Ligand code: HEC
């Protein structure tokens, strides 16, 4: 490999600086998207993970419902699809949460957690992982 000239070094420094700048721009943009269009699937899926997958996940699938992935939520359980993307009020998952039927034991969801799930479904329920 050839030796770096002073110009190369300066260029490398400039590129590194630009990248760090862009990375922070990217962060800001994604935070902005999350707060403006409510598409924060990561947050919503983390909420389901925390409150629901113990009974609707790997070990147990009450009513044949698995809440670990969007695909599984779309196929749903014994009562049909658990979510209808774009239609939170027609989504069984949200019904159950709002009516305080789920989770049947343990802490109910906070208002912020319910809002995250509602916004996520309303904005299309995209898979976050
Ligand atoms: C402690 C276990 C437990 C937890 C935690 C739990 N569920 Fe359930 N869930 C059940 C049981 C048992 C049933 C079936 C009996 C019934 O309908 O009451 C059920 C049924 C359901 C159904 C109906 C599925 C169908 O197709 O009939 C939905 C939707 C649901 N749960 C959503 C959730 C959501 C969303 C959460 C988290 C907020 C959650 N559950 C947490 C035990 C649990």
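Once you place label points 7 Å from the Cα toward the Cβ at residue 49 and residue 90, how far apart are they in nm?
If labels sit at residue 49 and residue 90, their model points lie 2.9 nm apart.
By its C-alpha gyration tensor, with a ≥ b ≥ c as the square roots of the eigenvalues, how is region 43-129 shaped: rounded for a/c under 1.5, else prolate for a/b larger than b/c, else oblate?
rounded
Can you tell me the length gained on complete extension of the stretch residue 110 to residue 98, counting 0.36 nm per residue apart and subtracting the Cα distance?
Stretched out fully, the residue 110 to residue 98 stretch lengthens by 3.3 nm.
Could you sort the peptides 79-86, 59-66 by per-residue average Cβ neighbour count (10 Å cutoff), highest mean leading?
Listed from highest to lowest mean packing, they are 79-86, 59-66.
Laboratory data are not the source of any read-out in this text; all were calculated from the coordinates shown. Just so it is clear, the structure is predicted and the values come from calculations on it, not from any experiment. As a convention, Cβ positions derive from the backbone with ideal geometry for all residues, glycine included, and neighbour counts pool all protein chains shown.
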